[in-house]
Amino acid sequence: MKFSALQHSIILALVALVVSACSSSKPIGEWRSDNFSGTLDNFLIIGVTSQSARRRVFEDTFVGGFATLKVSATPSYKLLESSLELDREIVTKAIRGKISARC
């Protein structure tokens, strides 16, 4: 059975809706610098899970939500392999383009 591009989009949207409705994600921490006075123009969205498909759906859903608000965001799976154990140094290198760790 062949699906049209519209049908693929609808299926993807429904899957994203179901996954986001079934999740109980809560931030576990927050950090803010009192000394920061710049502006932010692109956000890196990082979903932390052992399941790469869920990570992609999570990150793409957030990137899409930001896009509707005209805010630039990048899903981390475009920069970081899911097999990497993330720490500040690896994420910083990926943002600066100093590692080639794309999936």
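Checked against the criteria, THR68 counts as loosely packed, with under 13 Cβ neighbours inside 10 Å, over 21 Å from GLY97 (Cα atoms) and either touching a helix residue (DSSP H, G or I) at 6+ places or on another chain (Cβ under 6 Å) or among the β-branched types (Val, Ile, Thr) (or both). Entry remark, segment 30-71: residues being assigned to a helix (DSSP H, G or I) and hydroxyl-bearing (Ser, Thr, Tyr) number 3 in total. One residue stands out in segment 28-54 among those that are among the aliphatic types (A, V, I, L, M) and free of Cβ contacts under 8 Å to residues at least 24 places away in the same chain: the one that is surrounded by the fewest Cβ atoms within 10 Å (Cβ to Cβ), namely ILE28.
Applying a threshold of 6 Å to beta carbon distances and a minimum spacing of six or more residues, or different chains, the list of pairs starting in segment 66-80 at a residue that is in contact (Cβ under 8 Å) with a residue 12 or more places away in the chain and ending at one that is part of a strand (DSSP E or B) reads PHE66/ALA73; ALA73/PHE43; ALA73/ILE45; THR74/LEU44; PRO75/ILE45; SER76/LEU44; LEU80/ALA101. Scanning segment 48-61 for residues that are at pLDDT 85 or above and either within 20 Å of THR92 (Cβ to Cβ) or of a type in the set (A, V, I, L, M) (or both) yields a total of 4.
Based on what the data block shows, is VAL57 loosely packed, with under 13 Cβ neighbours inside 10 Å, under 13 Å from the mean Cα position of the chain (by Cα) and under 19 Å from PRO27 (Cα atoms)? No.
The values are calculated or read from the model by the stated rules, or taken from the named source; none is laboratory data. None of these values were measured; they are calculated from a predicted model. Because the Cβ atoms are built from the backbone with ideal geometry, glycine has one as well, and the counts that use them run over all protein chains shown.
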